[in-house]
Every structure is written in structure tokens, then in C-alpha cells.
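See below for the structure under consideration.
Laboratory data are not the source of any read-out in this text; all were calculated from the coordinates shown. As the structure is a prediction and not an experimental result, all values here were calculated from the model. Please note: Cβ atoms are built from the backbone with ideal geometry, for glycine as well, and neighbour counts cover all protein chains shown.
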Amino acid sequence: MVLDIKMKPELKTFINVAKAISKLLHPFAEVVIHDLSKNKIVAIFNPISKREIGDISYLDHIDLDAYDDFVIGPYYKINYDGRKMKCIITVIKDSIDNLIGTLCINLDVSVFDRYQNLINAFLNNNDMQISQQQQSLFRDTFYEKINSFVQKYCLDNNLTLDNLTRDQKKI
């Protein structure tokens, strides 16, 4: 955790929120508080982007007033090391409704992409040589039709197979 001790009091109120988010999502999330009047970072938790207190925010090119909502995103960007980041910005206003800062959450989703690719590779049919005719030998069997019916019944009735009562199993 790194803080700018000269931070505006209104921005300081977001320190515990930023700290909590970074602890909950550690090591995947970086949480940054920006002071818009200085165009600088004033607090950063779990700095996975290698940015530091006092670094330029690079938010001056974004017209935050143009957004109808106080929350902008989520959107994707690429980290300095090539990792895919899913990000969101929360606009911070003072007591008279002036924009004074942002709280940004930058979530490293690259590890989840790798797991998704691994799962997709595992679940895909690896033997592309099997013909449709051969695949049909294993489809539409009596047992598969029963399983499909039970699955549909469970979905339609918001049930799980484990929670079916004896009477429901008889249907």
C-alpha cells in the first residue's frame, strides 16, 4: 500500500474501500486513486502496472463529464508486460458535485484466459477423424435420452439432480 500524504480529504475517504478491494482480489487486482486536479496517482494498492505515487494519471484526455454514470466500464486494456486487464473507473465527486478523482480497479484476467483455453482444449473433440456416423453411435441412445429428459426437467423446475425427491424421481 502506498499513499500520498498530501491527498485531499475527500479522496482519503476512499482509502479503506481501495484497500479492501485490493486485499479481496489480491494478487489479481491493482486499485488506484487518482487526483484529477493534479492529474497524478495519489494512492495505489498492489501495483501490478509498476506505476507509483506521483505518476501522471493519463486521464486528462478522457472527458469524465461526458459519461452519464459514475461508473465507467468495465473495459479491457493491455498491461505493460502484455497481460490482459479488465478495468473499471469510479468517478469521485466532492460535496458540491465537482469531479475530483477516480478510483480505478485493474484486474489481471490473463490467468483466467489461460485456464479458459486449457478447459476449451480439454472439452473439445480431439479426434477430428471420427465421422459424424461414428459419433452418432454414441448419441441418441436410450440412456442419453433419459439423461436429457432428466436434465431438462431439472432446469425447467430449478432443481438439481441431487435434490430430487423420491416422488420427483418417479415422474
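Couple of notes before you dig in:
- Rel. contact order, % - alpha carbon contacts under 8 angstrom, at least six apart, the chain: 17 percent
- DSSP-defined beta bridges in the chain - what % are antiparallel, rounded to 5: 100 percent
- Think of it as helices only: each DSSP H run of n ≥ 4 in the chain is worth -39500 (n - 2.57), and spread over all residues that comes to -8500 deg cm²/dmol at 222 nm.
- Entries of Lys6/Lys84; Lys6/Lys77; Lys8/Lys50; Lys84/Lys152 with Cα pairs more than 27 Å apart: Lys6/Lys84; Lys6/Lys77; Lys84/Lys152
- On Cα atoms only, tilt of 110-123 relative to the major axis of the chain in degrees: 10 degrees
- Here the Karplus curve 6.51 cos²θ - 1.76 cosθ + 1.60, taken at θ = phi - 60°, turns the phi angles of the stretch 157-164 into couplings of 10, 6, 10, 10, 4, 5, 9, 5 Hz, with x standing for Gly and Pro.
- Of Phe149, Phe45, Phe122, the one that fluctuates the most in a GNM where the chain has Cα springs shorter than 10 Å: Phe149
- Placing one equal scatterer on every Cα of the stretch 2-111 and applying the Debye formula, the log10 ratio I(q)/I(0) at q = 0.12, 0.22, 0.23 Å⁻¹ is -0.37, -1.32, -1.43.
- Theoretical FRET efficiency, 1/(1+(r/R0)^6), r = Cβ-Cβ of Arg83 and Val17, R0 22 Å, to 0.05: 0.35
- Between helix 15-24 and the chain there is an angle of about 30 degrees, using the helix long axis and the longest principal axis of the Cα atoms.
- Once the Cβ-Cβ distance of Gln151 and Ile96 is raised to the sixth power relative to R0 = 45 Å, the FRET efficiency obtained is 0.20.
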